[in-house]
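Participant: I am attaching a structure below and will ask some questions about it afterwards.
The values are calculated or read from the model by the stated rules, or taken from the named source; none is laboratory data. Keep in mind the model is a prediction, meaning the values are calculated, not measured. As a convention, Cβ positions derive from the backbone with ideal geometry for all residues, glycine included, and neighbour counts pool all protein chains shown. In case anyone asks, the SASA skips ligands and DNA or RNA and just uses the protein heavy atoms, side chains included. Shrake-Rupley method; radii C 1.70, N 1.55, O 1.52, S 1.80 Å.
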Amino acid sequence: VLFRSVKPLLSTSWAVEKQHVGFYTGGKILLSKNEQFLVCLFGEEVKLVDVDSGQVIQTISQEAEGITCFALHPNDNELITGSRNLLLRHWDLSSKTCKR
């Protein structure tokens, strides 16, 4: 007999330890200078994603019109976003506030 039927031993209970959430829908993506986070578009929002864990650490969105582009300052602490209505916003990433 070359082959023998063996019943696989699988557990019947699975606990979720970590879930992956979507954070990228195409377009521009940037790696911070300190290589700790990625900045990318997700629909009409900008997501900051921790490189090591893959978890979203911050979400930036504009109320009226969705974000279409962004630029990260070399200090990794400021972000400029642009929207369909041509509005530019200046974000402080450490305080998670819109400065202008």
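Participant: How many nm separate the modelled label positions at Leu88 and Thr59, each set 7 Å beyond the Cα in the direction of the Cβ?
Facilitator: 2.7 nm
Participant: If each of Glu78 and Asn34 carries a label point 7 Å out from its Cα toward its Cβ, how far apart are those two points in nm?
Facilitator: In this crude label model, Glu78 to Asn34 measures out at 1.7 nm.
Participant: If each residue of separation counts as 0.36 nm, what is the full-extension length gain between Asp52 and Thr97 once their alpha-carbon separation is subtracted?
Facilitator: Working: separation 45, 0.36 × 45 = 16.20 nm, distance 2.45 nm.
Length difference between fully extended and current span is 13.8 nm.
Participant: How much of the accessible area of the range 17-100, probe 1.4 Å, is carbon plus sulfur, in whole percent?
Facilitator: On the way: 2700 of 5230 Å².
Within the range 17-100, the accessible surface is 52 percent carbon and sulfur.
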